[in-house]
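Take a look at the structure below.
The values are calculated or read from the model by the stated rules, or taken from the named source; none is laboratory data. Here the structure is a predicted model, which is why all the values come from computation and not from measurement. Every residue, glycine among them, receives a Cβ derived from its backbone with ideal geometry; neighbour counts consider all protein chains shown.
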Amino acid sequence: MILVFGGAHQGKLAYTIERFGFAEDDIYRCSEDNAAPPGGRKITYEIDKWILALVRAGSDVSASVRQWMENNPDTIVIINDISCGIVPVCAEMRQWREAAGRSMAAIAGVSDEVVRLFCGIPTRIK
């Protein structure tokens, strides 16, 4: 597993496609409206949206993410780092922020490589 993270619109997907030579058909695009586990593609894009769908569905996010990681060990995961900025007023958004952060840490823990993108510049963390 490889994790690519950073703020929104920092070039994470473009970097991943260019570096690994993937095409549009290789990307699974997560949705905040779909709590079904993502999979079946080489890149899992914006997994933070799937985490939001899990929060909204009242699912056990940690268990769902752990199961997903076991079933998708070879995917490249792209996640928006939503841990910075003002703490959301809405309880659901605070829960999402915490769940996304914990999930990102869990994914990073099992990843062979972790890359942070900031202003389009990749920095290898692990």
Exercise for review: For ARG116, state whether it is touching a strand residue (DSSP E or B) at 6+ places or on another chain (Cβ under 7 Å), at pLDDT 95 or above and under 16 Å from MET1 (Cα atoms).
Suggested key: yes
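Can we say GLY101 is of a type outside the set (Ser, Thr, Tyr), within 14 Å of ILE2 (Cβ to Cβ), in a helix (DSSP H, G or I) and without any contact (Cβ under 8 Å) to a residue 24 or more places away in the chain?
The answer is no for GLY101.
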**Study point:** Selection count, the stretch 66-78, where residues are surrounded by fewer than 15 Cβ atoms within 10 Å (Cβ to Cβ) and part of a loop (DSSP other than H, G, I, E, B)
**Key:** 2
**Study point:** Every pair of residues 6+ apart whose Cβ atoms lie under 7 Å, when the first sits in the stretch 79-97 and is closer than 17 Å to LEU117 by Cβ while the second is among the acidic types (Asp, Glu) and assigned to a helix (DSSP H, G or I)
**Key:** ILE79/ASP48; ASN80/ASP48; ILE82/ASP48
Practice item. Quickly run through the stretch 7-29 and pick out the residues that are part of a helix (DSSP H, G or I) and touching a Phe, Trp or Tyr at 6+ places or on another chain (Cβ under 9 Å). Key: LYS12, LEU13, THR16, ASP26
Exercise for review: Identify all residues within the stretch 79-92 that are among the hydrophobic types (A, V, I, L, M, F, W, C) and either surrounded by fewer than 13 Cβ atoms within 10 Å (Cβ to Cβ) or at pLDDT below 95 (or both); write none if there are none.
Suggested key: ILE82, CYS84, ILE86, VAL87, VAL89, CYS90, ALA91
Check your understanding: Looking only at residues in the stretch 1-53 that are among the β-branched types (Val, Ile, Thr) and touching a residue at least 40 places away in the same chain (Cβ under 8 Å), which one is farthest from LYS126 (Cα to Cα)?
Key -> ILE51
Exercise for review: Scan (1) part of a helix (DSSP H, G or I); (2) within 10 Å of the chain's Cα centre (by Cα) for the single condition SER62 breaks and write down its number.
Suggested key: (2)
